[in-house]
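Enquirer: The structure's right below; bear with me while I get my questions together.
Quick note: the coordinates plus some simple rules give every number you see, no bench work behind them. Note that the structure is a prediction, hence the values are computed from the model and not measured. We place every Cβ from the backbone using ideal geometry, glycine too, and count neighbours over all the protein chains shown.
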Amino acid sequence: MNLTTDLGGLRLRNPVIAASGTFGYGEDYIKAGDISWFGAVSIKGTTIAPRAGNPPPRTCETPSGLLNSIGLENPGAKVVIEEKLPWLAQFDVPIIANISAESCEEFSELAAMFARSPHVSALEVNVSCPNVKAGGIAFGTNPDMCYESTKAVRQVWQGPLIVKLTPNVADITSIAKAAVEAGADALSLINTLVGMAIDVNTMRPVLGNITGGLSGPAIKPVALRCVWEVSRAVQVPVIGMGGISSAQDALEFLMAGATAVAVGTGLLVDPEIPRRVTQGIREYCEARGIETLQEIVGAARR
């Protein structure tokens with residue numbers, strides 16, 4: 001069974017990616033899992049300058065999901081490039097750098113910085129972070145702004161370019177088309193849904209930032225619908241994510257049109273999900289005489 005797949009020029013040995021955010025830079029994950037289980041890893045969202053993130057509390061469990069309001073806490077691009085990436089590169093798994101900015105100029109500067117790193121295989125442009133008040137979500141909810149931010153990166157980054165989309169829009173396909181028109185080689189979706197929780201004892205919002213991003217199994221039906229719609233609307237590979245915790249979940253996304261899948265919140269529950277998902281896909285295909293992953297991509301649409 002051949003599980004290799006291609007994401008706009010980024011070749012993966014299997015279709016399971018570590019989603020940006022919960023994987024961090026791999027330093028904590030390696031204590032419980034094996035980085036070599038992944039086809040690629042997307043590092044924590046990185047900005048030019050270090051960010052302290054949002055005020056606590058930053059996470060809150062919900063029925064079948066997780067609310068988070070981390071606020072892009074990160075040490076800044078210079079530290080990531082000089083200290084985090086060289087360590088992560090030892091595992092010989094393609095590294096996708098997830099970048100966030102508050103302007104097209106910042107996106108361009110970030111892309112140029114990562115272009116000088118020998119350890120980055122692809123860029124993932126985060127136009128859809130729901131818990132950063134300045135910038136962030138605006139890029140992902142407006143086709144013109146999505147186009148401009150993607151174009152700014154494309155002009156200085158020659159490698160595979162992925163744009164991460166938000167579901168918090170009326171028509172996700174219009175945003176997807178704008179990203180592709182601007183030069184995106186692949187799209188990843190979905191980012192989290194905006195949500196909140198209230199503590200009835202204190203009568204106050206649970207999260208310090210009031211709202212946060214909802215992830216986990218609760219958003220899987222929404223994510224699956226978005227992948228179905230976007231993969232029909234554009235001709236570039238799609239990375240499906242949102243509540244994947246089993247091989248069956250992954251297969252649904254692949255059959256909806258995804259070329260690869262990413263696991264995020266599930267890693268916090270079971271670090272071995274990538275191994276089990278890859279093995280489950282292999283067993284499913286072998287039992288049915290399916291020889292390549294491409295035979296099941298978009299199968300539900302045929």
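Enquirer: Going by the conditions given, is M203 farther than 19 Å from G9 by Cβ, of a type outside the set (S, T, Y) and without any contact (Cβ under 8 Å) to a residue 24 or more places away in the chain?
Expert: Considered against the rule, which asks whether it is farther than 19 Å from G9 by Cβ, of a type outside the set (S, T, Y) and without any contact (Cβ under 8 Å) to a residue 24 or more places away in the chain, M203 comes out as yes.
Enquirer: For R204, indicate whether it is over 19 Å from the mean Cα position of the chain (by Cα), more than 30 Å from E83 (Cα to Cα) and not aliphatic (A, V, I, L, M).
Expert: For R204, the condition - over 19 Å from the mean Cα position of the chain (by Cα), more than 30 Å from E83 (Cα to Cα) and not aliphatic (A, V, I, L, M) - is met.
Enquirer: Next question. Please work out if R301 is over 22 Å from F23 (Cβ atoms), in contact (Cβ under 8 Å) with a residue 12 or more places away in the chain and either surrounded by fewer than 21 Cβ atoms within 10 Å (Cβ to Cβ) or of a type in the set (F, W, Y) (or both).
Expert: For R301, the condition - over 22 Å from F23 (Cβ atoms), in contact (Cβ under 8 Å) with a residue 12 or more places away in the chain and either surrounded by fewer than 21 Cβ atoms within 10 Å (Cβ to Cβ) or of a type in the set (F, W, Y) (or both) - is met.
Enquirer: Evaluate the following for G159: is it under 18 Å from the mean Cα position of the chain (by Cα), more than 15 Å from Y25 (Cβ to Cβ) and buried (at least 19 other Cβ atoms within 10 Å of the Cβ)?
Expert: no
Enquirer: Ok, one more. Taking the stated definitions as given, is R232 touching a residue at least 60 places away in the same chain (Cβ under 8 Å), charged (D, E, K, R) and more than 23 Å from E106 (Cα to Cα)?
Expert: Yes.
Enquirer: Restricting attention to the stretch 269-292, does a residue exist that is over 20 Å from A40 (Cβ atoms), in a helix (DSSP H, G or I) and small (G, A, S)?
Expert: Yes: the stretch 269-292 contains one or more residues that are over 20 Å from A40 (Cβ atoms), in a helix (DSSP H, G or I) and small (G, A, S).
Let's see how each residue does on (1) in contact with a Leu (Cβ under 7 Å, 6 or more places away or on another chain); (2) among the aromatic types (F, W, Y); (3) within 21 Å of T192 (Cα to Cα); (4) free of Cβ contacts under 8 Å to residues at least 12 places away in the same chain:
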{"site": "V16", "(1), (2), (3), (4)": "no, no, yes, no"}
{"site": "S20", "(1), (2), (3), (4)": "no, no, yes, no"}
{"site": "F38", "(1), (2), (3), (4)": "no, yes, no, no"}
{"site": "K78", "(1), (2), (3), (4)": "no, no, no, no"}
{"site": "K84", "(1), (2), (3), (4)": "no, no, no, no"}
{"site": "A111", "(1), (2), (3), (4)": "yes, no, no, no"}
{"site": "F114", "(1), (2), (3), (4)": "yes, yes, no, no"}
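Enquirer: May I ask you to say which residue of L7, L72 is within 15 Å of the chain's Cα centre (by Cα), hydrophobic (A, V, I, L, M, F, W, C) and on the phi > 0 side of the Ramachandran plot?
Expert: Within the list L7, L72, the selection yields L72.
Enquirer: While we're here: Show the residue pairs meeting these rules: Cβ distance below 6 Å; 6+ apart or different chains; first residue within the stretch 162-180 and hydroxyl-bearing (S, T, Y); second residue assigned to a loop (DSSP other than H, G, I, E, B).
Expert: Filtered contacts from the stretch 162-180: T166/S128; T166/N191.
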